[in-house]
Amino acid sequence: QVQLVESGGGLVQPGGSLRLSCAASGIIFVAYTMGWYRQAPGKQRELVATITNGGKTYYADSVRGRFTISRDNAKNTVYLQMNNLKPEDTAVYYCRASLGSSIYWGQGTQVTFSS
């Protein structure tokens, strides 16, 4: 059974930082491209960042320079370091694993701004 379990979301103030984690099980983690997506209220889910099995990264323009995706194959975990957070970063963040036609999603973790 494949499981992707996200953690690390929470309340944050503008300019703050959070580190999201996604622990994978039931897949050959090292073979998969891992990604982070997010969905804000009333909006479609959008790509945030991806990292290939070879470590090549891609970022959406809206987060490039502020977010960093990384992976630890020994721990079957992918991370998203988020710095200089902005109110528009408020969303549910989802972890995604993909290999060919095999795609798996986590349940999501909420990132919310506190005023």
> What number goes with the only condition from (1) within 21 Å of Y104 (Cα to Cα); (2) open to solvent by 20 Å² or more (accessible area, probe 1.4 Å); (3) in contact (Cβ under 8 Å) with a residue 60 or more places away in the chain; (4) among the small types (G, A, S) that G10 does not pass?
Replying inline: (1)
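Please verify whether S62 is open to solvent by 40 Å² or more (accessible area, probe 1.4 Å) and assigned to a loop (DSSP other than H, G, I, E, B), treating the condition exactly as stated. Can you show your working first?
Values: open to solvent by 40 Å² or more (accessible area, probe 1.4 Å): yes; assigned to a loop (DSSP other than H, G, I, E, B): yes.
So S62 passes the test.
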> Restricting attention to segment 44-55, which residues are without any contact (Cβ under 8 Å) to a residue 40 or more places away in the chain and charged (D, E, K, R)?
Replying inline: E46
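Collect the residues in segment 18-54 that are small (G, A, S) and either open to solvent by less than 40 Å² (accessible area, probe 1.4 Å) or not in a loop (DSSP other than H, G, I, E, B) (or both), keeping them in residue-number order. Quick ask: steps written out before the conclusion?
Our first condition is that a residue be small (G, A, S); within segment 18-54, this holds for 21, 23-26, 31, 35, 40, 42, 49, 54.
Hits for segment 18-54 are S21, A23, A24, S25, A31, G35, A40, A49.
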> Of the numbered conditions (1) assigned to a strand (DSSP E or B); (2) open to solvent by 20 Å² or more (accessible area, probe 1.4 Å), N84 satisfies every one except a single condition; which is it?
Replying inline: (1)
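The values are calculated or read from the model by the stated rules, or taken from the named source; none is laboratory data. Just so it is clear, the structure is predicted and the values come from calculations on it, not from any experiment. Methodologically, a virtual Cβ is constructed for each residue, glycine included, from the backbone with ideal geometry; neighbour enumeration extends over all protein chains shown. These area figures cover heavy atoms from the full protein model, side chains too; ligands, DNA and RNA do not enter into them. Shrake-Rupley method; radii C 1.70, N 1.55, O 1.52, S 1.80 Å.
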